[in-house]
Amino acid sequence: MSTTEALISAADAHSAHTYHPLPVVVATADGAWMTDVEGRRYLDLLAGYSALNFGHGNRRLIEAAKAQLERVTLTSRAFHHDRFAAFCTQLAELCGMEMVLPMNTGAEAVETAVKTARKWGYRVKGVPAEMAKIVVAGNNFHGRTTTLISFSTDPEARADYGPYTPGFEIVPYGDVTALRAAVSENTVAVLLEPIQGEAGVLVPPAGYLAAVREVTRERNVLFVADEVQSGLGRTGRTFACEHEGVVPDVYVLGKALGGGIVPVSAVVSSEAVLGVFRPGEHGSTFGGNPLACAVALEVIAMLRSGEFQERAAQLGEHLLRELGALAGTGRVAEVRGRGLWAGVDLARGYGTGREISEKLMDRGVLVKDTHGPTIRIAPPLVISREDLDWGLDQLRAVLGL
Ligand SMILES: Cc1ncc(COP(=O)(O)O)c(C=O)c1O
C-alpha cells in the first residue's frame with residue numbers, strides 16, 4: 001500500500017464521510033502549487049474555494065501570523081485586545097461602512113446576518129413579533145447550519161435535517177419580478193450571493209443586482225450580499241457587487257479574510273443596522289481574536305493596494321477568453337465567470353465534473369467538480385500567467401484537444 005493509500009484509508013476509517021475528496025494527500029504548499037506526500041506537485045486551481053486568494057504560504061500573511069503568535073492569540077471578547085479596533089475600523093473602511101461584527105466561519109457570519117436582519121426588522125422597521133421574512137434565491141449556498149440548509153434547494157444539503165427553520169421565501173435567482181412579488185411588509189432582508197459559487201459560478205443577468213438594490217431600498221428591506229466566496233478580489237473588484245455599482249446594506253465576508261491561515265468572517269454594515277445589538281445578545285469565543293485580526297489586517301492592507309483585484313481582472317480576462325474558446329469545440333457546453341473565477345459545464349458525453357477532475361489530477365492540476373457536468377476554476381490570485389496557461393493546456397489535453 002502506498003503512503004497515499006494508507007493515509008486515505010485511515011482517514012476513511014476514522015472520519016465522517018461528509019466529503020468525497022480527490023485521492024491526493026497534500027503535504028506542503030507554496031503560492032499556487034501543492035506537493036503531495038509522494039513528492040508529486042499539483043497546480044491548485046481551487047484555492048480553498050477562494051479562501052486562498054493570496055496563495056499558499058503568502059509571506060506577508062505568514063509573517064503577520066507569526067508575529068502575532070508570539071504576542072497574544074486569544075483573549076475572548078471578555079477583554080479588549082490591541083488589534084481589535086484596527087481590524088474593525090479598517091474592515092469597515094474597506095467596505096465603505098461603519099461597523100463590523102466578527103465571527104469565524106462563513107456559515108456563522110451568514111447566521112449572524114440573518115439574526116441581524118431579524119432584530120433590525122423587529123426593533124427598527126417595526127415588523128410584528130415572529131413575523132420577519134427573508135427572501136433568498138434558489139440554488140443558493142450559504143453554509144451548512146440547520147437554519148441555512150432550511151432554505152437550501154439542494155436535496156443533498158437538506159435531507160434528513162428537519163424540522164427546518166421557518167421565515168424564508170425562495171425565489172428563482174436572477175428573476176427580479178419574482179423577487180419583487182415576494183417582498184412584503186414583513187420582509188426584513190433579501191439575502192443573495194452576487195455570483196452563486198457552489199451552484200457553478202452562476203453570474204446573474206446584467207442589471208439584476210441593481211434592480212435588487214432598487215426594490216430593497218423602495219421597500220425598506222436590507223440587501224444582504226453574501227460575498228463570502230465572491231468577495232475580496234476574486235472577481236477583479238474588492239466586492240462582486242461593485243460590477244453593477246451596487247452597495248448593499250450588509251456585506252457578509254469570510255474565506256479569504258483569514259488569508260487561508262485562520263477562519264475569519266464578519267458581518268459589515270451601518271451603525272443603524274449593527275447598532276441593534278446589546279451585550280449578551282450575540283457572540284463567539286473566537287470571533288475577532290487577536291490572531292484572526294492580525295492576519296485579516298494584513299489581508300485588508302493587501303486589498304487596499306488594489307494589486308490583487310487588478311491581477312484577478314487581467315488574468316481573469318485571459319482565463320475566460322481561453323475557456324470561452326473551448327465552448328466552440330463542442331466539448332464544453334457553457335462557460336461562466338467573472339475575474340479569476342469560472343464555471344465550466346462539460347458537454348454531454350465528455351465526462352462528469354468528477355471524471356474530468358480526476359483526469360486533471362493525474363496531470364498535476366487540482367480543481368473541484370460541482371453538480372454533475374460542472375467544474376469550478378478559482379486559482380489563487382497570485383498564480384503566474386505561465387502556470388495558468390499550463391493548467392489550461394492540461395484541461396485541453398484531458399478534453400482530447
Ligand atoms: C457564498 C458562501 N457563503 C457561505 C459559505 C460558508 O462558509 P463556511 O464554509 O466557511 O462556513 C460559503 C462556502 O462555500 C459560500 O460559498
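Assorted remarks:
- Residue of Gly143, Gly106, Gly288 that the Gaussian network model of the chain assigns the largest fluctuation, springs spanning Cα pairs under 10 Å: Gly143
- With the highest mean first, a sort of the peptides 264-273, 41-50, 64-73, 361-370 on other beta-carbon atoms found within 10 angstrom per residue produces 264-273, 41-50, 361-370, 64-73.
- Listed by chain and number, the lysines whose C-alpha is less than 17 Å from the C-alpha of Lys359, apart from same-chain residues fewer than 8 away, are Lys368.
- Choice from Thr75, Thr374, Thr18 showing the highest fluctuation, given a GNM over the chain with Cα pairs closer than 10 Å: Thr18
- Label-point separation, Ala327 to Thr177 (7 Å along Cα→Cβ), nm: 2.5
- Apportionment of accessible area to carbon and sulfur, the chain, percent (1.4 Å): 52
- Ranked packing of 82-91, 328-337, most packed first, by mean Cβ within 10 Å: 82-91, 328-337
- In straight-distance terms, cross-link reach from Lys115 covers every one of the lysines whose alpha-carbon lies under 27 Å from its own, apart from those fewer than eight places away in the same chain; here that gives Lys125, Lys133, Lys255.
- The convex hull around the C-alpha trace of the chain, projected and averaged over every direction, spans 20.2 square nanometres.
- What separates the Cα centres of segment 231-251 and segment 280-295 is a distance of 24 Å.
- Beta bridge orientation in the chain: antiparallel %, DSSP, nearest 5: 65
- Local electrostatic count at Thr35 - Lys and Arg +1, Asp and Glu -1, tallied over other residues with Cβ under 14 Å: -2
- Cα-centred dipole magnitude for segment 71-304, charges only on beta-carbon of K, R (+1) and D, E (-1), debye, nearest 20: 440
- Ratio of Rg to Rh over segment 71-304 (Cα coordinates, Kirkwood Rh, two decimals): 0.95
- With the helix formula -39500 (n - 2.57) applied to DSSP H stretches of n ≥ 4, the chain reaches a computed 222 nm mean residue ellipticity of -10500 deg cm²/dmol.
- C-alpha center-to-center spacing [segment 102-142, segment 55-91] in angstrom: 28
- Summary value for the chain: 22 percent relative contact order, contacts being C-alpha pairs under 8 angstrom separated by 6+ residues.
- Accessible area per residue in Å² at 1.4 Å probe, computed on segment 71-304: 39
- Helix 307-327 and the longest principal axis of the C-alpha atoms of the chain enclose an angle of approximately 60°.
- Cβ-based net charge around Pro379, under 9 Å, with every Lys or Arg adding one and every Asp or Glu removing one: -2
- Mean Cβ count within 10 Å, highest first, over the residues of peptides 174-184, 193-203: 193-203, 174-184
The values are calculated or read from the model by the stated rules, or taken from the named source; none is laboratory data. All figures in this text were calculated on a predicted structure; none of them were measured in a lab. Virtual Cβ from ideal backbone geometry, glycine too; neighbours counted across all protein chains shown. Surface areas here come from the heavy atoms of the whole protein model, side chains and all, with no ligands, DNA or RNA. Shrake-Rupley method; radii C 1.70, N 1.55, O 1.52, S 1.80 Å.
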